[in-house]
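Here the structure is laid out as structure tokens; the discussion comes afterwards.
Where a number appears in this text, it was derived from the coordinates with a stated rule and is not lab data. Treat the numbers as computed from the prediction; the structure is a model and nothing was measured. Reconstructed Cβ throughout: ideal geometry from the backbone, glycine too, with neighbour counts over all protein chains shown.
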Amino acid sequence: MELILTEEQQAFVQSVDELGREGGVDGFAPHTGPLPKEILRRFSARGLAGIAIPTEKGGQGRSQLDSVLAIEAMAKRSAAAADALQALNFGAIQQIAHNGDEQQLERFLAPCLSGDLLAAPAMSEPEAGSAVTDIAASAEVVGEDVLINGEKVFITHGAVADLFVVWTKFGPGARGAGAVVVPRDAPGLTIDASRSFMSGEPYGVLKLVDCRVPAANILIPGDGFRRMLTVFNVERLGNASRCLGYGQAALDIAVAHLRDRRQFGRRLVEFQGLQWRIAEMALKLESARLLLYRAAAGADAGLPSALDTALAKLACNRAGYGVADDAMQLLGAAGYDDSSPVAFILRRTRGWMIAGGTSEQLLNRIAGEVLDERFSQRPPRASTA
């Protein structure tokens, strides 16, 4: 497969990089607050919302590789800006774009693409993380409404999101799974946004007690796990792209440090052992980058394959975190300082080895494809004989 970028793609990446250099979105804050929502409208106006969403749905109609290139380029420059691109192109917005009907595209997708609304996925529960098919949140259609009961945890952008794509069950078992778009002000929904991850990024805990929304908000009425998880592969590409971009930023910081810092009367960059470490860091990033670009370039109808996505996310997660760890070692105490950009990058990339599918889940998926056999993680069912 040819992975050399076209002149148009190179120009596109350059334009995103230049936007990332502009004031107001630059840098890696040691602790982040809620996503600054004004960035959403700004990026939308620059054609960076729904990059790979078809034009007939209000998107830009570009390739999935273009969306990956954009978020990777932005992630090299700014944490908040990369998060904004994630929200405008991956995650909940993709679930709405792929599964929404015409009315839902107009009510929810259009204002999300314009940057006027922010949508967030609500999947994980206290007893359903990696085992997402064990979600207990329930939905019941009552007349023209749907009532939702349950709890969702670790919701990114929970502090500021206007809409939540809530994964729920309309009936027993995995076949009862579906999704509902729940506005922030829906009756029966309360949000605890007082908690944060190790990176300082706040998250939300949603409690839905007879939460009532119009039945017209039902995105998938049941038998939806396969559909939702297939689209979720796009979310994983966004995760991988940011991890890769952050890793590149850490490498760039380390290179600048080695060139400027002097010890024993010499620049650090002159020591062969440190040169080798820089070479290993570059190898990690370039290897992961090829897998990521392959997964994005091979996407069918905008949806990458499960195997390609698993390989890409695992490689990018390992590379981003590993390079950040290497960079911290090269910077020494300056890198270990809590206010150091490298310290922030290390904390943030560590979280992406959990979010969007743990490394262990990805290894299971890859092994199943290689062995051409599936191994359930659940205990054997009791015999009914």
Residue ranges of DSSP H helices in the chain that stretch 30 Å or more (Cα, own long axis) and have mean Kyte-Doolittle hydropathy of at least -1.0 are 225-260, 272-297, 306-331
Among Val166, Val205, Val231, Val16, which comes first, then next, by fewest other beta-carbon atoms within 10 Å? Val205, Val231, Val16, Val166
Length gained if Gln103 through Gln263 is fully extended, taking 0.36 nm per residue and subtracting the Cα-Cα distance, is 51.1 nm
Order of Cys243, Cys211 - criterion: other Cβ atoms within 10 Å of each residue's Cβ, fewest first: Cys211, Cys243
Using only alpha carbon positions, build the gyration tensor of segment 135-195, then give the equivalent ellipsoid semi-axes as the square roots of 5 times its eigenvalues, largest first, whole angstrom. 21, 14, 9
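How big is Rg to Rh over the chain, alpha-carbon atoms, Rh as the Kirkwood inverse-mean-distance radius?
0.99
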Do any of Lys57/Lys207; Lys37/Lys152; Lys169/Lys207; Lys37/Lys57 go past 25 Å between their Cα atoms, and which? Lys57/Lys207
Filter the trypsin sites (Lys or Arg not before Pro) in segment 294-385 down to the DSSP loop ones having no more than 13 other Cβ atoms within 10 Å, then list what survives. Arg374, Arg381
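Over the chain, what is the percentage of antiparallel beta bridges among all DSSP beta bridges, to the nearest 5?
The answer is about 85 percent antiparallel.
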Under 17 Å between alpha carbons, and skipping anything fewer than 8 positions from Lys284 in its own chain: which aspartates and glutamates qualify? Glu72, Asp252, Asp325, Asp326
Could you tell me the calculated FRET efficiency between Ala355 and Thr133, based on Cβ-Cβ distance and R0 = 25 angstrom, to the nearest 0.05? 0.90
With a 10 Å radius around each residue's Cβ, average the other Cβ atoms per peptide and rank 148-155, 235-242, highest first. 235-242, 148-155
For segment 328-373, the convex hull over Cα atoms projects on average to an area in nm² of 4.2
Provide the gained length on full extension for the span Ala334 to Ser196, in nm with one decimal, where the gain is 0.36 nm per separating residue minus the Cα-Cα distance. 47.2 nm
Fully extended contour minus Cα-Cα distance, from Gln272 to Glu144, at 0.36 nm per residue: 39.1 nm
Sort 259-265, 169-175, 64-70, 93-99 by packing, meaning the average of other beta carbons within 10 Å per residue, with the highest value first. 64-70, 93-99, 169-175, 259-265
Prolate/oblate/rounded call for segment 119-221, Cα gyration tensor, a/c under 1.5 rounded: oblate
